[in-house]
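The values are calculated or read from the model by the stated rules, or taken from the named source; none is laboratory data. The structure presented is a predicted model; accordingly, all values stated were derived computationally and were not measured. Note that each Cβ is placed from the backbone with ideal geometry, even for glycine, and that neighbours are counted across all protein chains shown.
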Amino acid sequence: MKKQFFLTALICPLLIYNITGQTKFEREFRMRTDDVPLIAQQFIDSAGFTGRIKWFGEESQTEKSIEAKTKFNGTRYSIEFDTLGNLQDVEIEIEFDKIPEPVRNNISSYFSSVFDNYKIIKSQVQYSGDKNIILQFLRDKTIGSKIVTRYEIVVNSQKGKARNRYEFTFTDTGDFKNRSIIIIRNFDNLEH
Amino acid sequence: MKHYLIIFGLLVTSFQLFSQNTYRIGNLPTLNIRMSLNDYYRINFQTQSRLSMMTGDFGGISNSDFEFLLSDYSLIASRRIGVSSSLAGGYLIRFRVNEINHRFIQQLTMVNSLPAFRIAHRISTDQTFHQTDPMEFRLRYRLTADIPLSGHSVDPGEFYLKISNEFLNKFQGGSYELEMRFVPLLGYAFTDDNKFEWGMDYRVNSLVHQYQRSKFWFAVKWFIEI
């Protein structure tokens, strides 16, 4: 019987070396403020956030970016920059029900037409444009005509037998723009 | 004076009760190998052993003893029933020193992804068949969180914390017992399909009875996909 125990204990370290080479490099990681380009830090400092700012780096096989995340008046903000610190967009998490009704109806109709069943997991409004205009928006929440507004919606969907999670982007009127599938992370270690 | 005598009496009694609560310390290595059959079905093979290093009671008596207790081998088939939920069933065979047990397992797992970590609910039942004792039925609920130590998700090359709390209701031949498990582990993700975890697996049973038996396992777990 002891042999069974030692077999279990010993084969673990041996097998690790055979498996670790199959890594796909795509990750999000915390960054120290000192490592963030000054131009991005200055933008955040000027935006008037009062909460703690957390910086993250995002790396995939195709691109890298930097994100500042914070909570302001109970709402989650995510401000994305390129690696040089140039603003890309601002994302603000909102409840789906708070999206203007005509836009919401367009989005719901779209989902009903492409899925048998769906559940909204997360909704965000995305603002992009000139950085000074975005900065002004963050300070006084006035959405000018030069700001490009998009809606990012994450849904769990069912179409026939297929069950997937997607991130959709819709225009400011609720028209479909694009979608990408979200790979669900392995949850074996939570299941067994 | 009367109050002091009562307090003294309670202290002596509680010490005697406490000293009859026993503990066991040992090792608990686990290896879990997953094989995906298609987008919906997968098979998990798991082996786990228990090796006792020390036993004793909380009154101070202890006994260092290197003792093999058991080895489990299980095969569980699971089907994805939602984007992040699954229904599973399988069979486990347990080798003890003088006995072999057979167990059938059914479980439902649901995982919620929150902004900074994941929470998993697992509800399971199992039926264990012993050679002499009556069949044991268990109803279990486990809540697990895996918390990345960098970023908002556990990415390859990163450490994470996995903390779980489970309650097990055991029914056997008309008797009932409640067990609680608390398992804080530190994990490292080599890849999304190759994770290594280690830490403490604390179990206390006989929660509804007078004397409790605590078990402190040094747990090492490895999850891989082939």
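Is it the case that A:Asn156 is under 30 Å from B:Trp222 (Cα atoms), within 14 Å of chain B (Cβ to nearest Cβ), out of contact with any Pro (no Cβ under 7 Å at 6 or more places or on another chain) and part of a strand (DSSP E or B)?
yes
Out of the residues in segment B:81-127 that are at the interface with chain A (Cβ under 7 Å from one of its Cβ atoms), out of contact with any helix residue (DSSP H, G or I) (no Cβ under 8 Å at 6 or more places or on another chain) and among the aliphatic types (A, V, I, L, M), state the one that is surrounded by the fewest Cβ atoms within 10 Å (Cβ to Cβ).
Looking at the filtered set, the residue picked out is B:Val97.
Could you please give the count of residues in segment A:141-167 that are among the aromatic types (Phe, Trp, Tyr) and touching a residue at least 40 places away in the same chain (Cβ under 8 Å)?
1
Quick one: which strands (runs of 3 or more DSSP E) lie wholly within segment A:1-99 and hold at least 2 residues that are over 24 Å from B:Glu158 (Cα atoms) and modelled with pLDDT of 90 or more?
A:75-81, A:87-93
Could you please find all residues in segment A:171-192 being more than 15 Å from the chain's Cα centre (by Cα), more than 8 Å from every other protein chain (Cβ to nearest Cβ) and surrounded by 14 or more Cβ atoms within 10 Å (Cβ to Cβ)?
The answer is A:Thr171, A:Asp172, A:Gly174, A:Phe176.
If a residue must be without any contact (Cβ under 8 Å) to a residue 24 or more places away in the chain and among the hydroxyl-bearing types (Ser, Thr, Tyr), how many such residues does segment A:34-69 contain?
3
Within segment A:50-93, which residues are among the hydrophobic types (A, V, I, L, M, F, W, C), surrounded by 15 or more Cβ atoms within 10 Å (Cβ to Cβ) and either farther than 21 Å from A:Ile147 by Cα or within 15 Å of the chain's Cα centre (by Cα) (or both)?
Passing the criteria: A:Ile53, A:Trp55, A:Phe56, A:Ile66, A:Ala68, A:Ile79, A:Phe81, A:Val90, A:Ile92.
Against the condition among the hydrophobic types (A, V, I, L, M, F, W, C) and either farther than 17 Å from A:Asp188 by Cα or crowded, with 16+ Cβ neighbours inside 10 Å (or both), how does B:Phe159 come out, does it pass?
no
Any idea which residue in segment B:203-221 is surrounded by the most Cβ atoms within 10 Å (Cβ to Cβ), counting only those that are β-branched (Val, Ile, Thr) and modelled with pLDDT of 85 or more?
Restricting to residues being β-branched (Val, Ile, Thr) and modelled with pLDDT of 85 or more, the top hit is B:Val220.
In segment B:138-226, which strands (runs of 3 or more DSSP E) lie fully inside it and hold 3 or more residues that are in contact with a strand residue (DSSP E or B) (Cβ under 8 Å, 6 or more places away or on another chain), over 19 Å from B:Gln48 (Cβ atoms) and within 14 Å of chain A (Cβ to nearest Cβ)?
B:158-172, B:175-191
Taking B:Leu69 and the conditions (1) away from chain A (no Cβ under 14 Å); (2) in contact (Cβ under 8 Å) with a residue 40 or more places away in the chain; (3) among the aliphatic types (A, V, I, L, M), which numbered condition does it fall short on, given that it satisfies the others?
Going through the list (1) away from chain A (no Cβ under 14 Å); (2) in contact (Cβ under 8 Å) with a residue 40 or more places away in the chain; (3) among the aliphatic types (A, V, I, L, M), B:Leu69 breaks only (1).
Just one of the numbered conditions (1) in contact (Cβ under 8 Å) with a residue 40 or more places away in the chain; (2) surrounded by 18 or more Cβ atoms within 10 Å (Cβ to Cβ) is not true of B:Asp133; which one?
(2)
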